[in-house]
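The values are calculated or read from the model by the stated rules, or taken from the named source; none is laboratory data. Treat the numbers as computed from the prediction; the structure is a model and nothing was measured. For neighbour counting, all protein chains shown are included, and Cβ atoms are generated from backbone atoms with ideal geometry for every residue, glycine included.
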Amino acid sequence: MTLHLSNSPQDIAKAAELLQQGELVSFATETVYGLGGNARDDQAVAGIFEAKGRPRFNPLIVHFPDRQAAAQEVLFSPMALELAEAFWPGPLTLVLPRREDSRISLLCSAGLDTLAVRVPAPETARTLLRMADCPVAAPSANRAGKISPTRAEHVMDELSRRIAAVLDDGACTIGVESTVVSLADERPSLLRPGGLAREELENLLGAPLELPVADSPVASPGMLRSHYAPQAILRLNATSVGAEEAYLAFGSEPEDKGKACFNLSPAGDLREAAANLFAALRELDRSGISMIAVAPIPDTGLGQAINDRLQRAAAPRVT
Ligand code: AMP
Ligand code: MG
């Protein structure tokens, strides 16, 4: 049963405790209700994709109680600082380079070297984030392809029994998603129009924001070449392993495991496999292997998102 929590101090504390335990909690921001999970907990983040029924791993926005907390995970350029000082807390998400030492789940970055970060405005949300004492990954709290929820009842309608709790803080005051600006490249670009008007940003920057071309690398990070692809070539649906190959296993392992082996989930659990996917690709890549044989992954539930990502990684490289 999904708990319907109020915004009383006791209920906020309960929600924070659930997040710490790796459970999923929906909470209100000024934009829409988010589906939150501990961003440092790979399994919790995989659970977010599972609860949403997302067919692919899009990067997730990670929420913080203040800029100082965000600065422990991403690098703020002078321009990023300026925007954060002007518009946080508020409906602005900044895409910034991840710090090397960040322990945020790689799933939140969907394999990119950047992280989207935001400080939401409502007092309840920030109290929750402070009490949870961990960065909270949160996409909108709706099933994939459905519209974003702006009231706790909307979340209950779609996600009850899939998440531990909804923290009811009334209707969202803005009601559309945050504006997403990338400062990861030389010029700032608008990745998604949203609750903060473009003009306000441009007034502060004193220059127009770049608009991503339809198929630019940053516009839809899930689909593109800038998306982290391993150095090694991937061979999918492999039921045996060549002597020169590494093996990305799922469930039982063949006797001959090639030059290196990483098992996404010895128990054959898709959530565990999703939680391990990006770390596994990085680790096998680091071993210097040039070919990775990948076990068949069932194409159900989170398996669809895993297979989507693997197919992109295996696709011919654009250089
Ligand atoms: P949602 O969490 O569903 O509100 O969507 C988050 C939005 O931010 C999507 O449009 C993502 O593509 C975008 N986004 C999140 N992280 C990144 C990132 N690291 N690089 C580029 N875009 C991002
Ligand atoms: Mg959404």
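Give me the residue from the range 153-176 that is out of contact with any Phe, Trp or Tyr (no Cβ under 6 Å at 6 or more places or on another chain) and in a strand (DSSP E or B) and, out of that set, nearest to ligand 2 (Cβ to nearest atom). Within the range 153-176, the match that is nearest to ligand 2 (Cβ to nearest atom) is VAL166. Of the residues making up the range 177-210, those that are over 18 Å from the mean Cα position of the chain (by Cα) and in a strand (DSSP E or B) are SER189, LEU190, GLU210. Before we move on, is ARG118 within 17 Å of the chain's Cα centre (by Cα) and within 22 Å of ALA15 (Cβ to Cβ)? Yes; evaluated as a whole, the condition is true for this residue.
Set side by side, the residues CYS134, CYS172 differ, and just one is within 16 Å of ligand 1 (Cβ to nearest atom) and in contact (Cβ under 8 Å) with a residue 12 or more places away in the chain, which is CYS172.
Of the residues making up the range 91-113, those that are more than 18 Å from ALA275 (Cα to Cα) and surrounded by 20 or more Cβ atoms within 10 Å (Cβ to Cβ) are PRO91, LEU92, THR93, LEU94, VAL95, LEU96. Restricting attention to the range 253-302, the residues that are of a type in the set (Gly, Ala, Ser), in contact (Cβ under 8 Å) with a residue 24 or more places away in the chain and farther than 16 Å from ALA238 by Cα add up to 7. If you go through the range 51-65 and pick out every residue that is in contact with a Lys or Arg (Cβ under 9 Å, 6 or more places away or on another chain) and over 14 Å from GLY145 (Cα atoms), you end up with 5.
Condition first: within 14 Å of ligand 1 (Cβ to nearest atom) and more than 18 Å from LEU60 (Cβ to Cβ). Now tell me which residues in the range 184-199 satisfy that. Break it down into steps so the answer makes sense when it comes.
Kept after step one, since they are within 14 Å of ligand 1 (Cβ to nearest atom), are these residues of the range 184-199: 184-185, 188-196.
Residues satisfying the conditions are ASP185, PRO188, SER189, LEU190, PRO193, LEU196.
Of all residues in the range 143-169, none satisfies the criterion of being of a type outside the set (D, E, K, R), free of Cβ contacts under 8 Å to residues at least 24 places away in the same chain and under 26 Å from GLN21 (Cβ atoms).
Would you mind listing the strands (runs of 3 or more DSSP E) fully within the range 8-110 where at least 3 residues are more than 15 Å from ligand 2 (Cβ to nearest atom) and either more than 24 Å from ASP269 (Cβ to Cβ) or among the acidic types (Asp, Glu) (or both)?
On the way: elements: 25-28, 33-38, 61-63, 92-97.
Result: 92-97.
Determine whether GLY288 is at pLDDT 90 or above and part of a loop (DSSP other than H, G, I, E, B). Against the criterion (at pLDDT 90 or above and part of a loop (DSSP other than H, G, I, E, B)), GLY288 does not qualify. Taking interchain pairs and intrachain pairs at least six residues apart, which have beta carbon atoms under 7 angstrom, with the first residue in the range 25-49 and in contact (Cβ under 8 Å) with a residue 12 or more places away in the chain and the second of a type in the set (D, E, K, R) and within 15 Å of ligand 2 (Cβ to nearest atom)? Close Cβ pairs satisfying both conditions: THR31/GLU177; VAL32/GLU177; LEU35/LYS52.
Within the range 92-115, residues that are in contact (Cβ under 8 Å) with a residue 40 or more places away in the chain and closer than 15 Å to ARG282 by Cβ have Cβ atoms under 7 Å from residues that are among the hydrophobic types (A, V, I, L, M, F, W, C) and part of a strand (DSSP E or B) in these pairs: ILE104/VAL62; ILE104/LEU115; CYS108/VAL62; CYS108/LEU115; CYS108/ALA137; SER109/LEU115, counting only partners at least 6 apart in sequence or on another chain. In the set (1) modelled with pLDDT of 95 or more; (2) not in a strand (DSSP E or B), the condition left unmet by THR150 is number (1).
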